[in-house]
Amino acid sequence: MSEIKNNKEKGIALISTLILGLVAFAFISALFYLLSSGTWVSGSEKRYTTALEAAKGVSDYLVEKVLIDDLSCGGGGCSNGDMVDISSFNVPNYNINATLLNKTDTVDYSLYSFRVEVTSNTGEKSIVEFVFRLDL
């Protein structure tokens, strides 16, 4: 009789150990998942911040080009909707496009509106649109 009781206790101990091992495995798996997803989110945020800073830099560059009257779109003057030549801007792993959305000339000033898009190779995207007024 004690031998049957001893076998039942061994069986219960085995089942208890397997259940506790399964719970520990699930806990460790969840921990690794949270750590890896946190790393991915952190990297994605860093790439977006870099794209945003590049877009701001291109915006400053465009303002300087307007101020010195050296804005070019594909070798010529720019008209509404043209892509602006920013070939001197090179940020590795990022695709940069700048577009002159609209240029309005009045007697006293000129208004330029631009759109700058920066996209990373992994898909993070930053868009900056701004209007610049140049007093004549």
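The values are calculated or read from the model by the stated rules, or taken from the named source; none is laboratory data. Model, not experiment: these values are computed from the prediction. Positions of Cβ are generated from backbone atoms using ideal geometry, with glycine treated the same way; all protein chains shown enter the neighbour counts. Side chains included, ligands, DNA and RNA excluded: accessible areas come from the protein's heavy atoms. Shrake-Rupley method; radii C 1.70, N 1.55, O 1.52, S 1.80 Å.
A residue that is among the hydrophobic types (A, V, I, L, M, F, W, C), touching a Cys at 6+ places or on another chain (Cβ under 8 Å) and assigned to a loop (DSSP other than H, G, I, E, B) occurs somewhere in the range 66-75. Would the range 60-69 turn up any residue that is farther than 18 Å from R133 by Cα and either modelled with pLDDT under 90 or touching a Leu at 6+ places or on another chain (Cβ under 8 Å) (or both)? No, the range 60-69 contains no residue that is farther than 18 Å from R133 by Cα and either modelled with pLDDT under 90 or touching a Leu at 6+ places or on another chain (Cβ under 8 Å) (or both).
Once the range 76-96 is narrowed to residues that are open to solvent by less than 60 Å² (accessible area, probe 1.4 Å) and part of a strand (DSSP E or B), the residue that is farthest from L136 (Cα to Cα) is Y94. Within the range 38-75, which residues are hydroxyl-bearing (S, T, Y), more than 12 Å from the chain's Cα centre (by Cα) and open to solvent by less than 40 Å² (accessible area, probe 1.4 Å)? Across the range 38-75, the qualifying residues are S59, S72.
Collect the residues in the range 97-136 that are within 22 Å of the chain's Cα centre (by Cα), loosely packed, with under 14 Cβ neighbours inside 10 Å, more than 14 Å from E53 (Cα to Cα) and of a type outside the set (S, T, Y), keeping them in residue-number order. Listed by number, the residues that qualify are N121, G123.
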